[in-house]
There are 2 protein chains.
Amino acid sequence: MKKMSIKEVASALQISTATVSYILNGKAKEKRISPELTKKVTAFIEENNFRPNHLAKSLRTGKTNVIGLIVEDIADPFFASVAGHIENVAYENGYKIIYSSTKNDPKKAKELIDTFRDRNVDGYIITPTEGIDNEIKYLIDSKLPVVLFDRNCNDLDISYVGMNNFESSYQAAKYLISQDYKNIAFVTLDSVQPQMIDRLLGYERAIYENRLTSFVKKVEYRAAKEHLIMAEIENMLKTEPQIDAIFFATNYLAITGIELLNRMGVKIGEELGMMVFDDNDLFRIHQPSISAIAQPIQEMSQQLINDLLEHMQDTNEYTNRTTVLPAHLIIRDSSSKMRKNA
Amino acid sequence: MKKMSIKEVASALQISTATVSYILNGKAKEKRISPELTKKVTAFIEENNFRPNHLAKSLRTGKTNVIGLIVEDIADPFFASVAGHIENVAYENGYKIIYSSTKNDPKKAKELIDTFRDRNVDGYIITPTEGIDNEIKYLIDSKLPVVLFDRNCNDLDISYVGMNNFESSYQAAKYLISQDYKNIAFVTLDSVQPQMIDRLLGYERAIYENRLTSFVKKVEYRAAKEHLIMAEIENMLKTEPQIDAIFFATNYLAITGIELLNRMGVKIGEELGMMVFDDNDLFRIHQPSISAIAQPIQEMSQQLINDLLEHMQDTNEYTNRTTVLPAHLIIRDSSSKMRKNA
DNA sequence: ATTGATAGCTTAATCCTTTAAGCTAAGTGA
DNA sequence: TCACTTAGCTTAAAGGATTAAGCTATCAAT
């Protein structure tokens with residue numbers, strides 16, 4: 001059973017395809033199609049369950065009603081959650097989402113942007129990798145709606161939604177200090193990503209302001225190499241036994257770290273304070289529970305998709321905006337003064 | 001800078017669009033285009049960075065190279081992980097993925113299938129909701145490649161990939177029994193989804209085989225209603241104090257349950273054995289660590305996308321297959337005899 | 001010289017919509 | 001009666017590819 005075309009609808013009703021098209025697109029009045037005919041056509045379409053061919057429509061109009069979502073890794077709960085939120089709003093507005101993961105590989109990121117261009121997506125949501133500014137600039141120059149997310153490209157005039165990494169990190173570190181921790185280590189990725197650098201700087205500012213010593217451990221993250229990370233952290237703790245708290249710059253570093261500490265028999269909270277960037281069920285449920293900086297996922301997603309929709313609606317009037325949302329500092333047991341009782 | 005069309009390529013080189021098209025599609029030899037001309041055209045295309053319009057191509061050929069992925073919730077780590085695996089393989093084969101979440105709402109699921117049809121996706125991966133058999137049957141009847149996932153529709157002749165819920169549940173319950181737990185409660189959703197029923201039946205079989213008493217608690221899951229679930233579980237534990245182990249039928253039920261038990265001060269592992277369907281970082285790291293049945297995500301995803309690709313490659317030769325993969329029973333501290341020392 | 005085959009292309013229909021421009025009949029005003 | 005409007009459509013080009021069928025020149029064989 002082949003799909004019906006607008007042509008068949010037209011010939012069945014002995015009218016032209018233009019008329020059908022106008023009616024389909026709600027331009028009946030504007031094009032002065034009589035209400036009677038409009039009703040007749042609508043009824044026929046309903047009855048025969050006719051659905052216009054989206055491809056032909058897109059070819060003609062240049063609009064696909066598809067949003068391209070390029071994230072670091074769709075399997076990461078953070079990005080998956082964003083994908084979920086975005087989807088809700090997008091679907092309400094008639095947009096579908098096509099996703100892909102860069103795995104933080106600039107080459108793959110470039111390919112993805114190219115592919116999405118080829119596919120004529122109407123708008124882009126991108127977590128940029130390093131060295132991808134040119135591709136993004138190219139999109140902007142082509143007047144294509146783009147919103148960056150999670151990481152900014154400082155040199156571009158473009159919409160961006162993210163959180164205040166520097167400030168949150170600074171506040172979190174300050175909180176640890178207020179709890180009388182004196183030697184706070186910062187475990188982060190060996191990365192030049194702006195958000196990672198901001199997190200580090202926020203920590204360092206709090207440390208310097210309080211005339212404390214900074215202990216920064218940069219580890220290289222590679223899938224399935226957790227034991228290497230553990231070794232590095234263990235080594236740091238042994239070399240610098242004065243460390244009394246650890247601030248993890250990411251979720252998965254913390255998970256690896258917690259596993260190590262459990263294995264080492266170090267009592268989190270009592271012997272070692274802890275703070276983590278990016279919350280997780282695990283941190284809430286762990287005993288003792290672990291303090292975290294929760295990204296405002298819901299708010300960011302909402303802003304993201306709103307910006308993009310607005311941009312897609314009127315490409316000319318839209319002006320870029322940078323939205324930096326505050327994170328939620330969630331204080332739990334791992335960073336309380338509990339350890340003093342030890 | 002408008003995008004170049006095949007027409008412009010042709011006229012620039014003073015040849016016909018057909019020639020260009022044949023060369024683009026690797027049919028140069030077959031169509032006896034001379035190697036010189038082929039080279040010339042390839043060079044021109046390369047130089048001017050010409051990329052054919054995918055929409056036009058799709059309109060003509062009827063192929064979009066897009067796979068529709070319909071899951072319960074893309075934000076759920078399980079489905080997100082599947083999405084990640086599928087993406088890898090799909091992209092290698094030139095397919096893009098468009099996703100959406102049913103939220104287990106049959107009405108939404110139907111709409112999604114319709115929308116994907118409208119968009120001419122080449123193949124479908126679906127976690128069906130209840131009452132959606134007709135829509136899926138319609139897809140099959142239209143010779144569209146579909147692979148079901150996670151939950152089967154028993155009445156349809158269709159490819160399916162899932163795990164052995166009954167067997168895994170049975171084995172897990174048997175393991176608990178072997179550890180001398182005598183009163184094992186099963187906490188599950190009040191759902192008629194086949195995989196949930198299988199999990200329950202697996203548990204019950206192990207219970208009956210060992211002449212034990214079954215304690216089944218069915219709770220209604222609704223977002224942000226965790227406290228209701230907690231109340232129900234707490235009530236059960238108070239009414240039936242003889243319960244010495246809990247088997248949670250899903251990940252998030254267990255997370256809620258653990259939170260409650262921590263709050264109640266019940267010592268997991270020592271006072272109460274525990275087993276969970278569907279693994280999670282949390283269960284590995286929790287102290288004591290919590291036993292779980294890990295879904296074979298990687299294997300399922302691989303099978304899923306392979307089946308679908310094969311089906312899409314030759315719709316006629318392909319025959320449906322049902323793949324039921326074994327789960328991984330991961331024994332951790334929460335279900336060892338440790339409690340006997342208490 | 002004629003036929004046939006083959007290499008090496010081209011022509012033009014087709015996929016299905018959208019939409020600017022045009023056409024016809026009826027009604028209005030002078 | 002004639003010129004103009006207006007209502008209510010229709011015509012046909014365009015969007016950018018694919019592909020069956022056809023065309024021409026060359027060369028070999030008879």
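Between residue A:192 and residue A:208, the contour length at 0.36 nm per residue exceeds the Cα-Cα span by 3.6 nm. Each other copy holds its own label point for residue B:167; taking that point as 7 Å from Cα along Cα to Cβ, the gaps run 5.5 nm, nearest first.
Of the solvent-accessible surface of region B:189-312, computed with a 1.4 Å probe over protein heavy atoms with every protein chain present, carbon and sulfur atoms account for 46 percent. Restriction of the trypsin sites (Lys or Arg not before Pro) in region B:27-74 to DSSP coil positions whose beta-carbon has at most 14 other beta-carbons within 10 angstrom yields B:27, B:29, B:31, B:32, B:63.
Summarising the label geometry, the points placed 7 Å from Cα in the beta-carbon direction at residue B:105 and residue A:111 lie 3.7 nm from one another. Close amide H contacts of residue A:246 (hydrogens built in the peptide plane, cut-off under 5 Å, sequence separation of 5 or more or a different chain): A:185, A:273, A:274, A:275. Counting DSSP beta bridges with both partners in the protein assembly as shown, what percentage is antiparallel, nearest 5? Counting DSSP beta bridges with both partners in the protein assembly as shown, the antiparallel share is about 10 percent. For region B:6-52, the per residue solvent-accessible surface stands at 71 Å², with DNA, RNA and ligands left out and a 1.4 Å probe.
Ignoring ligands, DNA and RNA, what percent of the 1.4 Å accessible area of region A:6-52 is carbon and sulfur? Of the solvent-accessible surface of region A:6-52, carbon and sulfur hold 49 percent. The GluC sites (Glu not before Pro) of region A:22-113 that DSSP puts in a loop, and whose beta carbon has at most 11 other beta carbons within 10 Å, are A:30. Heavy atoms of chains B and A lose about 4500 Å² of accessible surface on contact, summed over both sides with a 1.4 Å probe. You can think of it this way: the chain between residue B:267 and residue B:314 has 11.3 nm of extra reach, that is 0.36 nm per residue less the Cα-Cα gap. Each label point was placed 7 Å from the Cα along the Cα-to-Cβ direction; for residue B:4 and residue A:27 their separation is 3.2 nm. Cross-link partners for residue B:267 among the lysines, with Cα-Cα distance under 19 Å and sequence neighbours closer than 8 places in the same chain left out: A:267, B:182, B:238, B:337, B:340.
Summary for residue B:44: label point 7 Å along Cα→Cβ; distances to the equivalent points in the other copies, ascending, 4.4 nm. Close amide-amide hydrogen proximity is noted between residue A:161 and A:148, A:149, A:150, A:323, each under 5 Å apart and 5 or more residues distant or on a separate chain (H modeled in the peptide plane; Pro and chain starts excluded). Under a model in which nothing but the beta-carbon of Lys, Arg (+1) and Asp, Glu (-1) is charged, chain A shows a dipole of about 1060 debye around its Cα centre.
Spatially close Lys pairs in region B:100-176, defined by Cα atoms under 28 Å apart and a spacing of eight or more places or different chains, total 8. Only lysines eight or more places from residue A:29 in sequence, or on another chain, were considered; those with a Cα closer than 24 Å are A:7, A:39, A:40, A:57, A:63. Among A:45, A:21, A:11, whose Cα sits farthest toward the positive end of the charge dipole of region A:6-52 (+1 at Cβ of Lys/Arg, -1 at Cβ of Asp/Glu, about the Cα centre)? After comparing all options, I get A:21. Once the chain from residue A:37 to residue A:180 is taken as fully extended at 0.36 nm per residue, the excess over their C-alpha distance is 43.6 nm.
Build a GNM of chain A with springs between Cα atoms under 10 Å apart, and of A:106, A:145, A:326 the one that fluctuates most is A:106. Mean separation of Cα pairs under 8 Å and 6 or more residues apart, divided by the residue count, gives chain A a relative contact order of 16 percent.
Considering only C-alpha atoms, what is the centroid distance from region A:23-41 to region A:219-270, in Å? Each part's Cα centre sits 68 Å from the other's.
Test of the criteria: in region B:197-261, which GluC sites (Glu not before Pro) are in a DSSP loop and have at most 12 other Cβ atoms within 10 angstrom of their Cβ? Listed in order of number, the matching sites are B:220.
Relative contact order of region B:6-52, taken over Cα pairs closer than 8 Å and 6 or more residues apart, is 32 percent.
The values are calculated or read from the model by the stated rules, or taken from the named source; none is laboratory data. Predicted model, so just to flag it, every value in this text is computed and none were measured. Backbone-built Cβ (ideal geometry, glycine too); neighbour counts: all protein chains shown. Areas reflect the complete protein model, heavy atoms only, side chains present, ligands, DNA and RNA absent. Shrake-Rupley method; radii C 1.70, N 1.55, O 1.52, S 1.80 Å.
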